[in-house]
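Input: a single structure, listed below in C-alpha cells.
The values are calculated or read from the model by the stated rules, or taken from the named source; none is laboratory data. For clarity, every value in this text was computed on a predicted model and none was experimentally measured. Counting neighbours? That spans all protein chains shown, and the Cβs are built from the backbone with ideal geometry, glycine included. Accessible surface is based on the protein model in full, side chains and every heavy atom, while ligands, DNA and RNA are left aside. Shrake-Rupley method; radii C 1.70, N 1.55, O 1.52, S 1.80 Å.
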Number of protein chains: 2
Amino acid sequence: MRKPQLLVAALVLLAATSSLVYAKVVEYEWVVDYAWAAPDCVEKQVISINGEFPGPNIRSVAGDTVRVHVINRMPTEAVVIHWHGMLQTGTPWEDGAAYVSQCPIDPEDEYTYDFVTENAGTYFWHGHYGMQRAAGFYGQLIVDPPENFTEPFKYDGEHSIVLNDWWHASMIDQQLGLFSVPFRWVGEPQSLLIEGRGRYNCSLMAGGSACNATRESCKLHVMPVEAGKTYRLRIASVASLGSFNFILEGHNFTVVEADGHYVEPVTMSDIDVYSGESYSVLFTANADCSRNYWAGFNVRGRDPKTLTGLAVLQYVNTSGEPSTPAPVSPRWNDYAYSVAKARQYLARKEFIVPLPQRGPDRQIFLLNTQNRVNGRLKWALNNVSFVPTATPALAALKYNITVEAHGGHSSATPPDYFQEGYDIMKPPPYPETVQGSGVYELKGDQVVDIILQNACSLTANVSEVHPWHLHGHDFWILGYGDGVFNASKDYASLNYYNPPLRNTAPLFPFGWTVLRFVTDNPGVWPFHCHIESHFHMGMGVIFAESVDKLPDVPTDTMGCGATKFYRSP
Amino acid sequence: MRKPQLLVAALVLLAATSSLVYAKVVEYEWVVDYAWAAPDCVEKQVISINGEFPGPNIRSVAGDTVRVHVINRMPTEAVVIHWHGMLQTGTPWEDGAAYVSQCPIDPEDEYTYDFVTENAGTYFWHGHYGMQRAAGFYGQLIVDPPENFTEPFKYDGEHSIVLNDWWHASMIDQQLGLFSVPFRWVGEPQSLLIEGRGRYNCSLMAGGSACNATRESCKLHVMPVEAGKTYRLRIASVASLGSFNFILEGHNFTVVEADGHYVEPVTMSDIDVYSGESYSVLFTANADCSRNYWAGFNVRGRDPKTLTGLAVLQYVNTSGEPSTPAPVSPRWNDYAYSVAKARQYLARKEFIVPLPQRGPDRQIFLLNTQNRVNGRLKWALNNVSFVPTATPALAALKYNITVEAHGGHSSATPPDYFQEGYDIMKPPPYPETVQGSGVYELKGDQVVDIILQNACSLTANVSEVHPWHLHGHDFWILGYGDGVFNASKDYASLNYYNPPLRNTAPLFPFGWTVLRFVTDNPGVWPFHCHIESHFHMGMGVIFAESVDKLPDVPTDTMGCGATKFYRSP
C-alpha cells in the first residue's frame, strides 16, 4: 500500500508583485473508497479519502501548484473532485465537474488534478458527480497569500470549520427518492455537522445498535483559544440542503473575507452561510475565560427540525462542554433579515475590482421553477431541467464532437429569457417541462449579466432559497430585490461601485439576484444551485465560454461517451 | 420515455439438423436504474430493468439471436450483464463480465448485447460488476429447442422459479463490510426469495415502517397446476451466499436437465441447488387435489438462520396458502448426502458428448484457501487473490495492450500447482497472501483438467462449499472426492463414460472436484466461485484461451483503462 503523503516536490520560480518568491507544488495521493463513519454517532457508509472522513484539508500559497493524484478504489462507482472557488484559469479541464470538464474516473483507474491556486482565501473541494458530496466526499482548501503580502487585518491564530447537514439514509437512497414517483423526500437532516462531527440522540433511533453516543468519532469538534487573543475562523458550508445561521456564543465577530475576496469589515452576532459559500470572520476571545462556549449553527430557510450543530470554543485551561443552551438563530423564515445581511457584504475599499466601463453585452434571465417531467419532480430554468450527457461538454465543444441527445432530452440551446408576464407568485400554470442538456454559448470579452428570478414552487406560497454557484469565475453581486426584476427600474438600484466578488450568491424567495462577470476565462462552466438535490433534479445550466479559444484538453480527461476514442492532438 | 418492448425484429435463415427452420432475433430495450422494491415486505433499493424487479425473463429458441439494448440510468454506477450459461462461441466480448470481456457501461451510456443462443435449456442473466447481482440485478433466460426437435420427455405445462437469498443491507454496505478491517460479515440472509418474493417477519424489525406484511410485492409466488398433469419446473439459483435444498411438498420430482444439458432422469424428494446452477425437474400433480402445497427451499452448507423460502403450488379450484409446516431439508451439514446427490447427475444416454480420446494436455490444480491481505479477509487460489484491473483483459490480450499492475497487485501468471504437502485439514500456516490480476493462458485445442482442491478456512475445522462457474464453456464433471486429490490414484476413479456437462460444479468441504473441457472457444473467460462475496474477495481466475485466435473486439466494448483510446481495426 502506498501511503498518503504530502510532497513538497518542486520549487518553481514565480514572479510576484514586487519581488521574486517561490511557488511550490503541493502534492497529495488520495485513494477514494467507501468507508464506515459515524459522524453523528450513527454509523453509515461514506466516501472517504485514504480512509478519512471528512477528507483531508489542502493548504497552499497563492501561485502554488496543487497536484492531487486520485486513485478510485470504489467497486462500481466513478468519481471526480471539484475544487470549489478555484478559477482554473487556462485549465478548465481540471474543474472536476463530471461530464462537463472531464469523464469521471473509473473504478481502479487514476487521474491527477494539477492546477495553480490564484486568489488567497477560504475554499473547499467536494465530489461533483451524482450526489457524492452528500456521501461525505468533501474537505477544505485554504489558499494563503504570498509571503510578501500583508493582509488588511491581523490575528493570532485560526480555526477552520466546514458546516454540513447529514442524513442516515445512504446517498443512493437519497437520490433514488428524489427520482421516485411519487416523490420521496429524504426529510430534514438527522444531524448538523461541524468538521464532520455532530451528535444524534440515539434514543430516537429504533434498533439502535448503529447508534452509539460514546463513539470517539462523534465527540464534538473543539476549538481551543487563548483569552485575549484574536482568531480567524474560516467557515464554509457544503450543505446538501439547508441554509445555515452560525453563532459563536458570547462573541461577536467581524466578517473580513467571503469566497476568497476581502470585504469591508462587518461585525455581527450571527452569520448566514449558504451552501457553497465560505467566510473568514475574526473574533477576540474576550469572554469570561472561566468557561467554554458553543459554536453552533441552525437551519434557516426551512422550518428547522434538526438540533443545533455544535462545536466547543474552548478557553485555555478549561475543558468540557458548556452548560448553557445551544445558540438560537433568528426565525427561520425571516427573509428580510437574511437579505439585509447579504446586502452588508461589500468589496473592501483597498481591494475593489472595478466593474467594466460599460453595461452588459448580454443579459440572461433565469426563471427558477419547480416542475414535473413524466410525473417526476424537477427544477428548471426557463422551463428546461438540466440533465448531464454521457460526454464531457468541454471536450465535445473543443473538438466539435457531436453529442447525441439521448432519452428524448433536448440538446437545443436553452433560452435567455422566460415568458413575459409569468406570475412568480403562483405555482407554475403548466408544471410539465422538458429535460435538456443544451449549453449557453458565451462569446469572449463580454460583460454578462445573470438575472436570477425566483418564483413560487409547485406548492402555493412556497419559494425556496437557492444559493447559485458559478464555476471558473467570481462574479459581482450587483443586488438583490423582491418580486419580479424590472430591468428599466431595478438596474438603477444596483451597486456599481463596490459590489462584492463571490462565487456563490443566494437567490431569496420570490426575489431576484443580479450577477455580473466578464467572459475572460475560456472554458465550459456549470452554473447551478448548490443544493445537492436541486442540481441533481435539474437546477443548473452550462456556460460554454469562448468556444473558439478553448485550450486543448488533455487526453486523459476524455474517453467516455462520444469522446470515447478521441485523443488530444 | 421509450417503453420496454419485445421486438421480433427479423427472421434469419438457419440450417438446422434435417430441415430449414427460421431463427429469429429477439430484441429488448432495457433501462437499468435503481428502484424501490420490497420483495420480502421490507423496502430497499434494488437495481431494476424498466422499473421491474426481478428483471424480465428472456425466452428464445436455440439458434435465435438475442439482442438487448442496455441503457444505464444509474447516476454514478456503471453496469454489465452476464448471460450465464451462454457459450458466446465467437462472441467472447458479449459475455458481460466487467473488465474481462468489456468495459462497464457508463451512466447515461448505452450498449447492445448481441449473441446467438446455442444449447436449449434453463439459464439466467445477472450483473457481473462489483456485487450488483446482490442488488437484485438478475432474471431468467430460457432457450427452447428448435421446433423440429423432440425433447426426451413430455410435460403439459411449466413454471420457472429463480431462488435467491436476500439481505436488507444495501449492496454497498455489504461490499464495504467484506473489505473492512476488522471484517464485517453481513450475516445470514434476512429472507429467501422465490421469483423475487419472500416474507420477512415484520415484528423482527425495529422501527418497522419499512416493513409492511400487507404489501402486494411480498405475496408469495403462486404456481397453478391442474390435477393429474405433468409440469416442468425450471429452477435456478442466483444466490449471493447460500447453497439451497428445494422441496415440493407432497411431490417427488425427476431431474431431467442441468445447466442446459439433459441428464439421466433421477427421481428425488428434494434437490440441492448451488448458486450458478439451473435444473429442470418434472413432477405430476397427483397429490390430494383438495388443498395446496408448499414449494420451499432452505439453506444448506451453513447453519441456517433464515426461514424457509416459500411459494405456493396451487391446485386448480383451490386457493390460499397451505396450513402445513414449511418443508424441512436434510441436516445442513450432511455433506455426504450432498455429494451423493451430486454424483447422481449423469449425461443422458442419447445425449452423451464423448470425452476426447486422450488424457489432459494440461492440469491446473487450484487450491481454495481463505487468506488475508493487509489485514483484509480474502479468498485465494494457489495463494493469489484475484482483483480486476481497470482494463478489459480480452481487448488487452487481443491487441497486446500493456496493462500496468496497479496498487501493488501482481500481474504475473498465477501458478498451475500449489505447494506439495499443503495440509488442507488445517488453517493456512501463512494466511497472508498477495493480490493478482494475472491470467492463465490456455492454448487452443487442448484438453484441460481443473482439479479444484478445497481446504480448511482460517477457522479450524471449517471448510465451505464453493460452486465454481466457468464462462464460455460447459465442462464435464469427472468426479468428486474427499481429502487431497491424489492424481495417481484418483484419476482412475473418475467417470470417463457419461459425465454430465455443466457450467457450474460444487466443490465440497475438505474435498476435490475434477473438471475437464476442451479449449475450442477462443476468448477470455472468468472461472470463479459463484458466491458473490467470495468472488468479490478474490476467489476466481481468468482463462485466456487461444490468444492467437481471439477475434477482433468491437470498439464499443473498449474505452476504459488501458483500452481508453483503442479502436478495433
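Here are some notes:
- Test: residue in the stretch A:87-106 that is in a strand (DSSP E or B) and touching a Lys or Arg at 6+ places or on another chain (Cβ under 8 Å): no
- Those residues of the stretch B:95-110 which are hydrophobic (A, V, I, L, M, F, W, C) and either away from chain A (no Cβ under 14 Å) or closer than 18 Å to B:His530 by Cα (or both), in sequence order: B:Ala97, B:Ala98, B:Val100
- Any hit, the stretch A:191-207, residues being of a type outside the set (Asp, Glu), within 23 Å of B:Ala210 (Cα to Cα), within 14 Å of chain B (Cβ to nearest Cβ) and touching a helix residue (DSSP H, G or I) at 6+ places or on another chain (Cβ under 7 Å): no
- Residues located in the stretch A:117-134, provided they are open to solvent by less than 10 Å² (accessible area, probe 1.4 Å), away from chain B (no Cβ under 14 Å) and part of a loop (DSSP other than H, G, I, E, B): A:Thr117
- Screening B:Asn374 against (1) within 23 Å of the chain's Cα centre (by Cα); (2) modelled with pLDDT under 95; (3) over 29 Å from B:Asp520 (Cα atoms) leaves a single unmet condition, (1).
- Flag set for B:Ala15, criterion: modelled with pLDDT under 95 and open to solvent by 20 Å² or more (accessible area, probe 1.4 Å).
- All positions within the stretch A:271-308 that are within 24 Å of A:Gly187 (Cα to Cα), aliphatic (A, V, I, L, M) and under 20 Å from the mean Cα position of the chain (by Cα): A:Val273, A:Val299
Yes/no matrix, rows are residues, columns are (1) within 11 Å of chain A (Cβ to nearest Cβ); (2) out of contact with any helix residue (DSSP H, G or I) (no Cβ under 9 Å at 6 or more places or on another chain); (3) touching a residue at least 24 places away in the same chain (Cβ under 8 Å); (4) more than 26 Å from B:Arg234 (Cα to Cα):
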| site | (1), (2), (3), (4) |
| --- | --- |
| B:Val42 | no, no, yes, yes |
| B:Pro54 | no, yes, yes, no |
| B:Thr65 | no, yes, yes, no |
| B:Trp93 | no, no, yes, yes |
| B:Thr112 | no, no, yes, yes |
| B:Phe115 | no, no, yes, no |
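- Residue in the stretch B:372-383 that is farthest from the other protein chains (Cβ to nearest Cβ), counting only those that are surrounded by 24 or more Cβ atoms within 10 Å (Cβ to Cβ) and over 20 Å from A:Thr76 (Cβ atoms): B:Leu381
Residue-by-condition table, conditions (1) in contact with a strand residue (DSSP E or B) (Cβ under 9 Å, 6 or more places away or on another chain); (2) acidic (Asp, Glu); (3) open to solvent by 20 Å² or more (accessible area, probe 1.4 Å):
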| residue | (1), (2), (3) |
| --- | --- |
| A:Lys398 | yes, no, yes |
| A:Thr413 | yes, no, yes |
| A:Asp416 | yes, yes, yes |
| A:Ser457 | yes, no, no |
| A:Gly481 | yes, no, no |
| A:Ser488 | no, no, yes |
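- Per the conditions (1) open to solvent by less than 60 Å² (accessible area, probe 1.4 Å); (2) modelled with pLDDT of 95 or more; (3) touching a strand residue (DSSP E or B) at 6+ places or on another chain (Cβ under 6 Å), the sole criterion not satisfied by A:Leu178 is (3).
- All of (1) assigned to a strand (DSSP E or B); (2) open to solvent by 10 Å² or more (accessible area, probe 1.4 Å) hold for B:Pro467 with one exception: (2).
- Listed here are the strands (runs of 3 or more DSSP E) enclosed by the stretch A:181-299 that have at least 2 residues being among the aliphatic types (A, V, I, L, M) and within 19 Å of A:Gln140 (Cβ to Cβ): A:191-194, A:222-225, A:230-237, A:253-258, A:270-273, A:278-284.
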